[in-house]
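Read through the structure below, which is laid out as structure tokens, and then see the notes.
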Amino acid sequence: MQYVIHLLITLNIYAILAISLDLLVGFAGLMSLAHAAFFAIGAYASALLSINGVPSFLAILIGMACAAALSSAVALPALRVRGIHLLIITIAVQSVVTILLVNWTNVTGGSAGLPGIRRLSIFGIKLSGLSFLIFATVCSAFWFFVVWRLSHSPYGKVLQAMRDDETGCIALGKNVAMLKISVFAVSGAVAAFAGSLYAHYVSYVDPSSFDISVSILILLMVMLGGAGTLRGPVLGAALLLALPEVLKFVPLPTGVGAAMRQLVYGLILVVVVFVRPEGLLGHRQPKAAGGKA
């Protein structure tokens with residue numbers, strides 16, 4: 001039972017991450033591989049502040065503000081570049097944050113990490129196990145609703161217009177620069193909230209939980225489920241977290257089991273990408289008139 005609760009808590013945390021990245025990738029059309037960096041900032045800021053006596057929920061808000069500030073700075077190059085060039089810049093940001101976490105040992109603890117992070121408590125009741133799962137589920141539902149409302153608001157419609165035709169959006173007098181900065185800030189802040197939730201759940205953080213492989217995993221969740229759908233990234237998070245666990249129960253020879261499971265895991269992803277390139281819940285793009293079937 002505890003194992004299932006742990007998986008569901010992890011799913012809720014990654015669902016928040018996937019939802020926050022979907023706002024950036026799916027609705028604004030801005031690719032990023034720095035989401036684990038914002039995840040890390042929320043986790044480490046919340047951890048350091050709570051260890052030093054700052055109330056946990058205040059620490060979470062400060063962590064979100066710090067991540068919003070960094071993600072806004074990351075948005076500045078996006079005012080001039082898009083696509084692969086922006087992706088390279090976000091990879092550089094992710095690498096810098098990872099290097100800082102590993103080498104700034106007197107603050108972050110380096111590779112040894114930060115232990116002893118206080119558990120979250122509400123009205124004096126410490127959250128753990130089932131109570132933490134309920135809290136995490138409420139949080140993920142809350143952020144899903146917030147991002148859904150944003151995406152269906154006039155602000156969200158302008159984001160989608162910018163994604164589809166940035167030049168046309170500028171011609172209509174929209175402030176594209178502020179749009180990019182604001183969507184990066186919101187996305188980073190929500191990712192930081194997930195980081196704070198993670199830190200207070202496991203009571204320990206280290207750099208290996210926030211490296212570029214985690215950023216790739218979050219982006220895979222969004223693309224697998226269907227960017228710009230919100231429901232899709234949540235489904236993608238569930239599948240990418242559950243599939244490795246299911247494969248553990250597949251009887252395979254000792255010594256090659258782990259490698260075979262990774263191979264099967266990769267093959268399943270490749271097949272899905274070829275069969276449904278728009279994602280499992282994404283909308284197929286109509287073929288151009290006169291195009292080949």
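Coordinate-derived values only; no laboratory data. Nothing here was measured: the structure is a model prediction, and the numbers come from that model. Don't worry about glycine lacking a Cβ; one is built from the backbone with ideal geometry, like all the others, and counts go over all protein chains shown.
Some points to look at:
- Label assignment, mean projected area of the Cα convex hull in nm² derived from the structure, set (1) 14.9; (2) 18.1; (3) 16.0: (2)
- Restricting segment 50-136 to trypsin sites (Lys or Arg not before Pro) that sit in a DSSP loop and have at most 12 other Cβ atoms within 10 Å of their own Cβ leaves Arg80.
- Note on segment 2-210: with charges restricted to the Cβ of Lys and Arg (+1) and Asp and Glu (-1), its dipole about the Cα centre is near 240 debye.
- The GNM of the chain, with springs linking C-alpha atoms under 10 angstrom apart, assigns the highest mean-square fluctuation among Met162, Met178, Met64 to Met178.
- By the count of neighbouring beta-carbon atoms within 10 Å, fewest first, Val222, Val102 end up ordered Val102, Val222.
- Segment 203-217 - phi-based ³J(HN,Hα) in whole Hz, Karplus 6.51/-1.76/1.60, Gly and Pro as x: 6, 6, 9, 8, x, 5, 7, 9, 7, 5, 5, 6, 4, 5, 4
- ³J(HN,Hα) computed for each position of segment 31-39 - Karplus, 6.51 cos²θ - 1.76 cosθ + 1.60, integer Hz, glycine/proline x: 6, 8, 10, 10, 5, 5, 5, 5, 4
- Between segment 32-105 and segment 154-179, the C-alpha centres lie 25 angstrom from each other.
- Taking amide hydrogens as placed 1.01 Å from N in the peptide plane, the amide H of Leu33 sits under 5 Å from those of Thr90, Ile91, each at least 5 positions away in sequence or on another chain.
- Charge dipole (the chain, unit charges on Cβ, about Cα centre) - positive-most of Leu48, Ala171, Leu197: Ala171
- Three-way shape call for segment 31-157 based on the alpha-carbon gyration tensor, with the a/c threshold at 1.5: oblate
- Longest exposed-site-free window of the chain, the sites being chymotrypsin sites (Phe, Trp or Tyr not before Pro) in a DSSP loop that have at most 15 other C-beta atoms within 10 Å: 124-248
- Couplings 3J(HN,Hα) for segment 86-98, derived from phi with the Karplus relation 6.51 cos²θ - 1.76 cosθ + 1.60 (θ = phi - 60°), are 5, 4, 5, 5, 5, 4, 4, 4, 4, 5, 4, 4, 4 Hz, where x marks Gly and Pro.
- Annotation: amide H of Val205 within the under-5 Å range of Leu114, sequence separation 5 or more or interchain, hydrogens built in the peptide plane.
- Of the residues Val234, Val275, Val96, the one that moves most in a GNM of the chain with alpha-carbon contacts below 10 Å is Val275.
- Close amide H partners of Arg82, meaning residues 5 or more places away or on another chain with modelled amide H under 5 Å apart, do not exist here.
- When the Gaussian network model of the chain links Cα atoms closer than 10 Å, the mean-square fluctuations of His152, His35, His200 top out at His152.
- Three-way shape call for segment 71-139 based on the alpha-carbon gyration tensor, with the a/c threshold at 1.5: oblate
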